[in-house]
1. List the lysines whose Cα sits under 23 Å from the Cα of residue 147, skipping any in the same chain fewer than 8 residues away.
2. Would you calculate, for the chain, the mean residue ellipticity at 222 nm contributed by helices, counting each DSSP H stretch of 4 or more residues as -39,500 (n - 2.57) and dividing by all residues, to the nearest 500?
3. Averaged per residue, what accessible surface does the chain expose to a 1.4 Å probe, in Å²?
4. When N counts the residues of the chain, how does its alpha-carbon radius of gyration compare numerically with 2.2 N^0.38 Å, as a ratio?
5. In the chain, what percent of the accessible surface is made up of carbon and sulfur (1.4 Å probe, ligands and nucleic acids excluded)?
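The values are calculated or read from the model by the stated rules, or taken from the named source; none is laboratory data. Worth saying up front: this structure is predicted, and the values here are computed from it rather than measured. The accessibility values were calculated without ligands, DNA or RNA, using every heavy atom of the protein model including side chains. Shrake-Rupley method; radii C 1.70, N 1.55, O 1.52, S 1.80 Å.
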Amino acid sequence: VLGGILYIFGYFCFTFMYRPLKAESLYRAGYNLIAQELYAQSETNFNKALTYKVKKKWFFKYGRAYREKRQYERAAVMYEQLVKRFKFDKEGALEYAHMEADDLADYERAAEIVRRFILDYHINDKDAMLYLGDIYLEWATEKDASKFPLARARYSDLVETNKVKSKSLFYLSRMLRYY
């Protein structure tokens, strides 16, 4: 009986104390390595920490840190892992799309991210549709004028589906930006 109690106590201490604390220390150590520009070692620490406990906030922190250091491929890996591990997380996918559109000017990839990672799983999500319209508008302004009708279609869909006056005015302002 005493052995069983000790086993249960040890199991709970290992599962609910040691593993989370070890993961947290590995995440922090890897995050500090990003500031020192030791990117491969930071990824190694991150992957080790994942074996102990997966924490959503650290995917965001690492993705943002890599983005600040202009390590866009590493940031893309973090955002893709985040989106896939956490059931197509909308916030992570939007950050990923913002990185592709704003930092890299890869509008095609950004639109693909919004369509595949958000709208396929969160159908008619207002934020995603609005940002998709913004991507098309920016894409049409910068590179390919044939994308203007796609931007207008997204904005008009939002105006039609949101008949509440305060929300409709916000989406109408985007239509004005389009015009």
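1. Answer for residue 147, where 23 Å is the Cα cut-off: 126, listed by chain and number.
2. That comes out to -23000 deg cm²/dmol.
3. Values: 10530 Å² over 179 residues.
Using a 1.4 Å probe on heavy atoms only, each residue of the chain averages 59 Å².
4. 1.35
5. C and S fraction of accessible area: 56 percent.
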